[in-house]
1. Which residue, 94, 133, 149, has the most motion in a Gaussian network model of the chain that connects Cα atoms within less than 10 Å?
2. Just one of [x] 20.1, 66; [y] 21.7, 68; [z] 21.5, 73 is Rg and Dmax of the Cα atoms in Å calculated from these coordinates, so which is it?
3. How high is the relative contact order of the chain? Use alpha-carbon pairs under 8 Å, at least six apart in sequence, and give a whole percent.
4. For residue 78, what residues show an amide H to amide H distance below 5 Å, using hydrogens built from the backbone and excluding near sequence neighbours?
5. In square nanometres, what is the average projected area of the Cα convex hull of the stretch 1-120?
6. Among 130, 156, 43, which one moves the most in a GNM of the chain with springs linking Cα atoms closer than 10 Å?
7. Per-residue HN-Hα couplings for the stretch 39-52, Karplus 6.51 cos²θ - 1.76 cosθ + 1.60 at θ = phi - 60°, whole Hz, x for Gly and Pro?
8. Between 161, 101, 113, where does the largest GNM mean-square fluctuation fall for the chain, given springs only between Cα atoms within less than 10 Å?
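Values quoted throughout were computed directly from the atomic coordinates according to the rules given, and no laboratory measurement underlies them. Just so it is clear, the structure is predicted and the values come from calculations on it, not from any experiment. Because the Cβ atoms are built from the backbone with ideal geometry, glycine has one as well, and the counts that use them run over all protein chains shown.
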Amino acid sequence: TNPRFIETGLNLLTKFGQQSDTNIAVNYLQSQDAQVVCAALSLIAQQDKEIFRKTIRFGLSSKSAVILLHSVHLLRTIDEPETIKYLSNLILNKNPLIRQKALRELTLISFDKVEDLFWQYIAREDHFLLLVKAGFLITFNPALHFPFKLYDILTLSSGVKKYILEMVMNQTIEAAHAAGILNKDIKLFMFFISASTMLSSSILPSGTPRLK
């Protein structure tokens, strides 16, 4: 049977089926076709949460990046903290496409719950398009301490990454100012960031990490 026909049938049952259809989906969790497995997991997640809780582990332990990412996406609907744990590994994956999809999943979670994870990600990410995407999210969630975090990372960066982080930091400061969080003059605040960071560097013991 053509896997695409099976996938289409499972997708239709996800939208228009009933709880008993999960029995059909379970039979396809062992399929060699990743999209069929994803469709089966979606059907189970939609029609029977209890069975989904038992079968999602199959997808989360898959060696297929497609199945794993889809499973993490579905997991978010029932267990957000556990989802964050999986994403903390996926955003550090060697494959930039996997990191991109993991970053997208992070954007679907309340920023205050994943903020620390974002700073870890930005500190390690070198792909300029992914840095820009992460920067947009930070800009859309302005906070007074963000520029300090960004400055701390960009001082350890170089090349394109440093340039992107400088732009993100400037946009973050402007966003904070527009949101009424920052009352100081923007240029004065940027000088304050630079001076404060250099001061903290001079008083901390050598090798002490500043990014937390």
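1. Among 94, 133, 149, the largest mean-square fluctuation in the Gaussian network model of the chain belongs to 94.
2. Here the calculated entry is [y].
3. 11 percent
4. none
5. Value for the stretch 1-120: 7.5 nm².
6. 156
7. 5, 5, 5, 5, 4, 4, 4, 7, 9, 7, 5, 5, 5, 4
8. 113
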